[in-house]
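Participant: I'd like to ask you about the structure that follows.
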Amino acid sequence: MGMIDKMFGLLFGSDRNVVRETVEIFRENTEAGAVRSAGIQRQAMTQFGAEFAVARQGYFDRFVDGLNRLPRPMLALGTLGLFISAMVNPLWFSERMQGIALVPEPMWWLLGVIVSFYFGARHQIKAQKFQREIVGTMAHVPQVLHNIKAIRALRFDSVKAADTGDDARLTMAALLPNDNPALEAWRRAAA
């Protein structure tokens, strides 16, 4: 019995627990980790509270506070501006949207992560998926370039916008002078 008492005393006695100390080498003590985490959070909250306890009275502080309030309204107004530009000048809008079609999917994810992180969310993207989607997006480049060329051909000021093609009757109608009352009135006034 004395030997078993000494063995248990060695493992668990004399204010030491060899088993617990050995396990804590490989696995964190959950209770001690929670105490450390609570201490860190308390320090962070104290620091944030001290930052906002100072009255912001200078012009620079007011400017930065106003700047911090801009992203949400700018996102909303920018989106409304895109809708308005699509109605006012569809060709201009279409050209810009064809350019946006070339933005790779991972860059949209990156933009989403940045915007989401700004508003408090966190996202991660895997590197392999990032590369695969870049290759997939780049495969669309010829189609997008063709679409931009077709859109630009619709502009009234593009090269050959008034080309009659192989239509001889239309070519002759364009070349032969016809009556122009405004030009005749101008000639009479000049003479």
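Participant: Could you tell me the calculated FRET efficiency between I114 and R72, based on Cβ-Cβ distance and R0 = 22 angstrom, to the nearest 0.05?
Facilitator: 0.95
Participant: Quick one: angle between helix 181-190 and the longest Cα principal axis of the chain, in degrees between 0 and 90, rounded to 10, please.
Facilitator: The two axes meet at around 70 degrees.
Participant: Place a point 7 Å from Cα of A150 in the direction of its Cβ. Which residues in region 75-102 have their backbone N less than 19 Å from it?
Facilitator: 90-102
Participant: With a/c under 1.5 counting as rounded, go ahead and sort region 21-87 into rounded, prolate or oblate using the C-alpha gyration tensor (a ≥ b ≥ c being the square roots of the eigenvalues; past the cut-off, prolate if a/b is larger than b/c, else oblate).
Facilitator: Working: a/c = 6.88, a/b = 1.93, b/c = 3.56.
Oblate shape, in that a/c is at least 1.5 and b/c is the bigger or equal ratio.
Participant: Out of V64, M97, V23, whose Cα points farthest toward the positive end of the dipole of the chain (charges: +1 Lys, Arg; -1 Asp, Glu; placed on Cβ)?
Facilitator: Highest projection toward the positive end goes to V64.
Participant: What do you get for Rg/Rh over the chain if you use C-alpha atoms and the Kirkwood form of Rh? Walk me through the numbers before you get to the answer.
Facilitator: Details: Rg = 36.5 Å, Rh = 26.5 Å.
Result for the chain is an Rg/Rh of 1.38.
No value in this document is a laboratory result; all are computed from the given coordinates. Being a predicted model, the structure only gives us computed values, none of them experimental. Glycine gets a Cβ as well: all are built from the backbone with ideal geometry, and neighbour counts include every protein chain shown.
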